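K.L.:
I'd like to ask some things about the structure below.
Rule-based calculations on the coordinates, nothing more; no lab input. Bear in mind that the values here come from a model prediction, so they are computed numbers and not experimental data. FYI the Cβ positions are ideal-geometry reconstructions off the backbone, even for glycines, and counts take in every protein chain you see.
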Amino acid sequence: MNRRLFYILSIGVLLGTVFASAQPRGRLPPNLQTPSQLEPGTGDEVLARFRSVGPAGDLLFNFELTHQPYRGDTIRYTGRLAGSWSTGRPQTRVDLPASEQHSALRLLLWNGPQPQLWQAEVSGSEDVAVQRIGGDALFEPLVANVTFSPFELQMPFIYWQDYAYEGTRRVKGRPAHYFLLYPPVDDPNYAHLGGVRAVIDADFNVILRAETLDLEGNTLKTINVQGFKRVNGQWIVQRIDLVDTQTRDRTRFEVTAAAVGLSLDPALFQPEALQQAFPDDYLLDAL
């Protein structure tokens, strides 16, 4: 089926090396399937195929974040997301306009083996300060009362080089590949993480689910893809749910309008571009 399906928030690739059978002390053990499913090189082939799938041109989305706390009232935010692969690595920009709950927020995410992330919080008419962020800030809520953090938007785990291929299972009736990806041992940003279990659709080469695990293997958060939409001949992920297992809060990311196959100005994906709001002169199709 000659269709290009891509995962909206990852807009990137999985890159890895074959995982050795011997586990270093303290590393989460993989949940391996039957040996017949674990032929040498299978994981590499799946990840290489996943790497080759990307958007045909740049993309632009309007989206809504709907936060549904386990206790409390539902809160909604709106924003815009732009993505480009023109430089050979995924670049994503997110603009959240000001609301009663928060100041305007702009994020720029460069993914890859050395991911980078910048943030600009806009308050009043003063000069906008653009800051590179990391450490604990990667896991703090984007804005008050949402489950999404910069980590879930950037998803740097798709580039972690250590992984275990766990085999295949069926997800909602479809065959899917399971991987357990391990964070770099020398990166203090991920010292509290044991790994991320990613599930890749065997036919469409998109991530269906990702579970963030602590050092004991307990699930911290779960990303679930809930719906797809075809826009001008391309399939996009339209709806994603993120669940915080500890608080049982849920935040839904839903695309409300989209434009694909664009040629956006590369300058929009540079840190200094965060000093200005993303241009509003693009025509998007309502979904």
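K.L.:
Once you treat every alpha carbon in the chain as an equal point and sum by Debye, what is log10 I(q)/I(0) at q = 0.09 Å⁻¹?
P.N.:
With one equal scatterer per Cα and no solvent, log10 I(q)/I(0) is -0.42.
K.L.:
Just to be sure I understand: with springs between alpha-carbon atoms less than 10 Å apart, which residue in Ala137, Ala198, Ala176 has the highest mean-square fluctuation in the Gaussian network model of the chain?
P.N.:
It is Ala137.
K.L.:
I want to verify a result. In a Gaussian network model of the chain, Cα cutoff 10 Å, which of these has the top mean-square fluctuation: Arg252, Arg209, Arg132?
P.N.:
Top of the fluctuation ranking is Arg132.
K.L.:
Starting at the first residue of the stretch 239-245, write each ³J(HN,Hα) from the Karplus equation 6.51 cos²θ - 1.76 cosθ + 1.60 with θ = phi - 60°, in whole Hz, x for Gly and Pro.
P.N.:
Coupling constants for the stretch 239-245: 9, 9, 10, 10, 10, 8, 5 Hz.
K.L.:
Then there is this: Per the Debye formula with a single identical scatterer at each Cα and no solvent contribution, what log10 I(q)/I(0) holds for the stretch 157-287 at q = 0.15, 0.16, 0.22, 0.23 Å⁻¹?
P.N.:
Debye output, listed in q order: -0.97, -1.05, -1.25, -1.27.
K.L.:
Here is a follow-up. Run the numbers for Asp44 and Leu215: contour at 0.36 nm per residue of separation, minus the present Cα-Cα distance, in nm.
P.N.:
59.0 nm
K.L.:
Let me ask you something else. Could you go through the stretch 197-208 in sequence order and give the Karplus-derived ³J(HN,Hα) for each residue, using 6.51 cos²θ - 1.76 cosθ + 1.60 with θ = phi - 60°, rounded to whole Hz, and x for Gly and Pro?
P.N.:
Each residue of the stretch 197-208 in turn: 8, 10, 10, 10, 4, 5, 9, 9, 6, 10, 6, 9 Hz.
K.L.:
What is the set of long-range amide H partners of Gln238 at a cut-off below 5 Å, with H atoms built 1.01 Å from backbone N?
P.N.:
Gly227, Phe228, Lys229
K.L.:
Still on this structure, please answer the following. Towards the positive end of the charge dipole of the stretch 5-273, with charges on Cβ (+1 Lys, Arg; -1 Asp, Glu), say which of Tyr190, Val255, Pro113 has the farthest Cα.
P.N.:
Val255
K.L.:
Residue by residue, what Karplus-based ³J(HN,Hα) values in Hz, rounded to whole numbers, does the stretch 273-287 have, using 6.51, -1.76 and 1.60 with θ = phi - 60° and x for Gly and Pro?
P.N.:
5, 5, 5, 10, 5, 5, x, 10, 10, 9, 8, 10, 8, 5, 10
K.L.:
Please give the peptides 83-96, 138-151 ranked by average Cβ packing (other Cβ atoms within 10 Å per residue), highest first, as a rough proxy for protection.
P.N.:
Going by the mean number of other Cβ atoms within 10 Å, highest first, we get 83-96, 138-151.
K.L.:
Which residues' amide hydrogens lie under 5 Å from the amide hydrogen of Ser86, considering only partners 5 or more residues apart or on another chain, with H built in the peptide plane?
P.N.:
none
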